[in-house]
Amino acid sequence: MFTSLVLIMLLFQFLTEGILLRPLNITNLILQNSYILILAIGMVLVIITGHIDLSVGSVAAFVGAISGILIINHGMSVPLAILLSLLLGGLIGAWQGFWIAYVKIPAFIVTLAGMLLFRGLTMLVLKGQSVAPYPKSFQDISSGFIPDLFGGDTLHLLTIAIGILFSIIYIISELRLRKTQLRYQFAVSSKGLFAVKLGAMVVLLNVFMYILATYEGIPTILIILFALILLYSFVMKKTVLGRHVYAIGGNEKAASLSGIKTKKVTFWVFVNMGVLSALSGLIFAARLNAATPKAGNLFELDAIAACFIGGASAYGGIGTVGGAIVGGLVMGVMNNGMSIIGLGIDWQQAIKGLVLLFAVAFDIYNKNKVL
């Protein structure tokens with residue numbers, strides 16, 4: 001999918017006559033899709049366990065509305081309001097997780113009810129009107145940039161330095177991984193192919209950082225996204241909890257018989273989804289500089305599509321955080337590219353629907369071929 005993402009970007013770079021990869025547009029791509037990517041990180045865990053969450057857009061809207069009331073109407077400090085909003089998201093996730101994990105109501109039904117419930121509560125607490133504006137400190141969550149400590153003029157030097165540092169870290173980690181694989185006699189690519197892959201990734205990383213450096217540098221939201229990707233990738237790949245999530249999605253009954261507390265794990269997966277939905281709602285509100293009743297509309301569909309396009313299985317047990325991010329970027333690049341070339345929203349929706357259908361069909365084809 002990463003290769004597909006690169007090819008799609010090159011295609012739209014050609015079709016948009018170079019507009020897609022301009023520094024301003026790349027920054028806008030990050031800002032416009034950040035809240036969907038955050039939802040996709042939580043959604044992929046839900047899908048891996050074999051469930052679905054249709055309420056994330058409504059939860060994001062509701063939490064955004066509450067943050068607006070707390071900060072704008074009641075003058076609460078931004079850090080405290082953010083903390084309370086995230087806690088509210090966790091409580092909503094716990095509410096839904098209880099019905100799914102312990103009462104055994106299908107997640108589709110529970111989260112469909114949640115979608116209707118929290119959309120209605122959003123309109124109720126906002127009384128059908130938007131609340132604005134937020135203070136600048138809150139807006140900076142979504143639209144702020146990391147300051148340049150080196151005082152660059154036309155080029156954000158700190159961004160360049162971070163790109164070089166990450167390149168060194170990436171090379172060292174890949175060399176160590178290859179060395180470990182060789183020690184245990186795992187199959188590895190040839191030295192030439194490995195060097196090409198390493199070089200290509202370093203070039204892509206530094207070109208990306210250079211593009212950001214020629215505009216305003218690294219957006220604050222990119223730092224938040226990067227931290228979340230690292231954290232959840234580590235949890236899913238290196239921890240017992242991550243193994244349990246995959247085991248439940250693969251075969252919940254077998255996982256239960258092997259001693260995994262399936263109800264508890266499922267419950268906390270939905271609590272986590274609630275917290276990330278709240279974070280997504282805060283970031284969307286900060287970007288709009290307003291809490292609106294229509295916020296979060298169809299966010300759940302974009303997040304679900306990102307997971308499936310990124311390789312998550314419709315049957316559960318398969319998927320990665322990185323894949324969900326790549327899937328979200330594929331959707332984001334397609335939306336942005338089709339908008340630039342003037343394709344109507346009707347065609348955009350139709351094309352996105354076909355991409356999602358083919359992605360799931362490809363997953364089912366591969367599963368049947370293995371069987």
Legend entry - Residue list for region 144-157, filter: open to solvent by less than 60 Å² (accessible area, probe 1.4 Å) and within 13 Å of I211 (Cα to Cα): L155, H156
Legend entry - Residue check, S130 over 25 Å from the mean Cα position of the chain (by Cα) and without any contact (Cβ under 8 Å) to a residue 24 or more places away in the chain: no
Inset, instruction - Could you please let me know if F308 is under 25 Å from N251 (Cβ atoms), of a type in the set (F, W, Y) and either crowded, with 24+ Cβ neighbours inside 10 Å or in contact with a His (Cβ under 8 Å, 6 or more places away or on another chain) (or both)? - result: yes
Legend entry - Filter pass, V44 being open to solvent by less than 10 Å² (accessible area, probe 1.4 Å) and at pLDDT 90 or above: yes
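From the list L21, L70, which residue is at pLDDT below 95, out of contact with any strand residue (DSSP E or B) (no Cβ under 9 Å at 6 or more places or on another chain) and of a type in the set (A, V, I, L, M)?
Numbers: L70 fails: at pLDDT below 95.
Of L21, L70, the one residue that is at pLDDT below 95, out of contact with any strand residue (DSSP E or B) (no Cβ under 9 Å at 6 or more places or on another chain) and of a type in the set (A, V, I, L, M) is L21.
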Inset, instruction - Could you check S280 against (1) open to solvent by less than 30 Å² (accessible area, probe 1.4 Å); (2) closer than 25 Å to T27 by Cβ; (3) modelled with pLDDT under 95 and say which number it fails? - result: (3)
Inset, instruction - Can you work out which of the residues in region 119-135 that are outside any loop (DSSP other than H, G, I, E, B) and within 15 Å of L282 (Cβ to Cβ) is modelled with the lowest pLDDT? - result: V131
Inset, instruction - Please state which of the following conditions F186 fails to meet, knowing it meets all the rest: (1) within 30 Å of M43 (Cα to Cα); (2) among the hydrophobic types (A, V, I, L, M, F, W, C); (3) open to solvent by 50 Å² or more (accessible area, probe 1.4 Å); (4) without any contact (Cβ under 8 Å) to a residue 60 or more places away in the chain. - result: (1)
Legend entry - Pairs with Cβ under 9 Å, 6+ apart, first in region 287-313 and within 20 Å of D53 (Cβ to Cβ), second at pLDDT 90 or above and of a type in the set (D, E): E300/D53; A303/D53; I304/D53
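The values are calculated or read from the model by the stated rules, or taken from the named source; none is laboratory data. Computed from a prediction, not measured in an experiment: that's the story for all the values here. As a convention, Cβ positions derive from the backbone with ideal geometry for all residues, glycine included, and neighbour counts pool all protein chains shown. Accessible surface is based on the protein model in full, side chains and every heavy atom, while ligands, DNA and RNA are left aside. Shrake-Rupley method; radii C 1.70, N 1.55, O 1.52, S 1.80 Å.
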